[in-house]
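Reading through the structure tokens given below for one structure.
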Amino acid sequence: MILFDGRPIQAIVVDIEGTTTDIAFVKSVLFPYALQRLRGFMGDLAPTPEGQAILQQVRAEVGQPDLPLEACLDQLLAWAKADQKITPLKTLQGLIWAEGYRDKAYYSHVYKDAAAYLQDWHRQGVPLYVYSSGSVAAQKLLFAHTLEGDLTPCFQGFFDTTTGSKLESASYRKIATSMEIPPAEILFLSDHPGELAAAQQAGWQVCAVQRPGTPDFPAGLPVVHDFEALPIVVQASA
Ligand SMILES: [Mg+2]
């Protein structure tokens, strides 16, 4: 039996950026790396079927079926600089980040308390899930390459915005349905008030995670500063 603040839960769903991971890792490490590698990486990838598929998607997106390679690269760079979530760009960023992890250009950041508790809960049989705006592929890469080791085995499932916006309660209803758990028995941890409100509207239990730099939360929300402070109790089943 798992209790959050005295109420039974069956699973914990975590946000990544600002919750398990310092926002600065994504903003100051991953995005600049993808930006800097974009032209060279995509240039090499262009002749391959994978590269061709990305270029086709860029051309479809801008409605110019004959857009030359150089112009496609310019478009991808412009989207990347504007931090736009366009599918071919997200696919390409995922491939570039995979290369960066493989080459050990960086390790992903996971707060020590988050890594310790995720591993601990997993050992105790608590079902854990991720819901993040980064693609599922990027989520798996991130948790596979932390300084604390590969944390992906801790998770039973990963959800991204292909399920829906994190600010809409319908997304949380869909996730609960796919997890086959009553909404009231799911706990969501996030640093974003809008996400927490949407999850609450869907009937989930929520707790705000306030890391250094996170703005204050509206009154009434339970707030912790690290995972150690979460009022979660795991009782061995009789
Ligand atoms: Mg977040």
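Taking into account only those residues within the range 203-232 that are small (Gly, Ala, Ser) and within 20 Å of the chain's Cα centre (by Cα), which is nearest to residue 114 (Cα to Cα)? Walk me through how you get there before you give the answer.
Initial filter on the range 203-232 (small (Gly, Ala, Ser)): 203, 208, 213, 219-220, 229.
With within 20 Å of the chain's Cα centre (by Cα) added as a condition, the list becomes 208, 213.
Numbers: 208: 14, 213: 17 Å.
By that ranking, first place goes to 208.
Looking at 133, 171, 178, which one is in contact (Cβ under 8 Å) with a residue 60 or more places away in the chain, outside the structural domain of residue 97 (by TED's automatic domain parsing), on the phi < 0 side of the Ramachandran plot and of a type in the set (Gly, Ala, Ser)?
Only one candidate passes the filter, namely 133.
Apart from one condition, residue 60 fits all of (1) away from the ligand (no atom under 16 Å from the Cβ); (2) closer than 20 Å to residue 162 by Cβ; (3) in contact (Cβ under 8 Å) with a residue 24 or more places away in the chain; the exception is (3).
Out of all the residues in the range 102-112, is one or more closer than 30 Å to residue 234 by Cα and touching a helix residue (DSSP H, G or I) at 6+ places or on another chain (Cβ under 7 Å)? Yes, the range 102-112 contains at least one residue that is closer than 30 Å to residue 234 by Cα and touching a helix residue (DSSP H, G or I) at 6+ places or on another chain (Cβ under 7 Å). Which residues, counting only those in the range 63-83, are among the small types (Gly, Ala, Ser) and touching a residue at least 24 places away in the same chain (Cβ under 8 Å)? 80 - this is the single residue of the range 63-83 that is among the small types (Gly, Ala, Ser) and touching a residue at least 24 places away in the same chain (Cβ under 8 Å).
Mind listing just one residue for me: the one in the range 139-180 that is more than 23 Å from residue 193 (Cα to Cα) and acidic (Asp, Glu) and, of those, modelled with the lowest pLDDT? Only one residue fits best here, namely 148.
The residues of the range 187-236 that are within 14 Å of the ligand (Cβ to nearest atom), β-branched (Val, Ile, Thr) and touching a residue at least 60 places away in the same chain (Cβ under 8 Å), listed by number, are 209, 214.
Of the residues 83, 66, which single one is at pLDDT below 95 and exposed (fewer than 13 other Cβ atoms within 10 Å of the Cβ)?
Details: 66 fails: at pLDDT below 95.
The conditions single out 83.
The values are calculated or read from the model by the stated rules, or taken from the named source; none is laboratory data. Since this is a predicted model, take the numbers as computed values, not measurements. Note: ideal-geometry Cβ built from the backbone for every residue, glycine included; neighbour counts use all protein chains shown.
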